[in-house]
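Chemist: Quick one: the structure is below, and I'll ask about it shortly.
The numbers here are math on the coordinates, done by the rules we state, and not lab data. Source: prediction; values computed, not measured. Note: ideal-geometry Cβ built from the backbone for every residue, glycine included; neighbour counts use all protein chains shown.
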2 protein chains.
Amino acid sequence: MYKVKVFVTLRESVLDPQGSAVQHALHSMNYKEVNDVRIGKYMELTIEKTERDLDATVREMCEKLLANTVIEDYRYEVEEVVAQ
Amino acid sequence: MYKVKVFVTLRESVLDPQGSAVQHALHSMNYKEVNDVRIGKYMELTIEKTERDLDATVREMCEKLLANTVIEDYRYEVEEVVAQ
């Protein structure tokens, strides 16, 4: 079994109004040292071992459903979970 | 300058309807090997160096604004950014 952590973030060139709102909120709470905030999604998938190639499967799932590749980038980390 | 990556996830005991919806979507796309999906938030903050303790500041920002600690857990990673 694998635990796959997927990070989906807006591309650099895309405006992030949610991030700006959080940054403004932090400034008004007196955390003036915060220069920039970008907000993305974080997903943890638990995936069974199959004969299919895990990397190919995860990339496919990201391209087709989890990320909108027109405006978002994704990256992922795989961790093998040893059954107890 | 620091880049702080904050991960906010629902606590284990809290239902994640958004995660279930994504899991069902993946199953209907024939990724039956996906056992569980949990969805959280991922934030990248760029923070200037100050005399304040960075860890204390980040924890405060998480507790007060970025995470709802009643239902969410958070963790973060700090990366020092060297000015070019």
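Chemist: May I ask you to say which residue of B:45, B:26, B:54, B:65 is free of Cβ contacts under 8 Å to residues at least 12 places away in the same chain and within 22 Å of residue A:32 (Cα to Cα)?
Modeler: Numbers: B:45 fails: free of Cβ contacts under 8 Å to residues at least 12 places away in the same chain; B:26 fails: within 22 Å of residue A:32 (Cα to Cα); B:54 fails: free of Cβ contacts under 8 Å to residues at least 12 places away in the same chain.
B:65 is the lone residue from the list that is free of Cβ contacts under 8 Å to residues at least 12 places away in the same chain and within 22 Å of residue A:32 (Cα to Cα).
Chemist: Sticking with this structure for a sec: What are the pairs with Cβ atoms under 9 angstrom where one residue, in region B:1-16, is within 9 Å of chain A (Cβ to nearest Cβ) and the other, located anywhere, is surrounded by 14 or more Cβ atoms within 10 Å (Cβ to Cβ) and basic (Lys, Arg)? Sequence gap at least six, or different chains.
Modeler: Partner pairs satisfying both residue conditions: B:7/A:5; B:7/B:41; B:8/B:41; B:9/B:38; B:9/B:41.
Chemist: Can I ask one more? Do we have residue B:25 as more than 10 Å from chain A (Cβ to nearest Cβ) and small (Gly, Ala, Ser) here? Before the answer, list the steps.
Modeler: Details: more than 10 Å from chain A (Cβ to nearest Cβ): no; small (Gly, Ala, Ser): yes.
So residue B:25 does not fit the description; no.
Chemist: I'd like the full set of residues that are within 28 Å of residue B:46 (Cα to Cα), at the interface with chain B (Cβ under 7 Å from one of its Cβ atoms), under 13 Å from the mean Cα position of the chain (by Cα) and aliphatic (A, V, I, L, M), limited to region A:37-75.
Modeler: A:39, A:43, A:45
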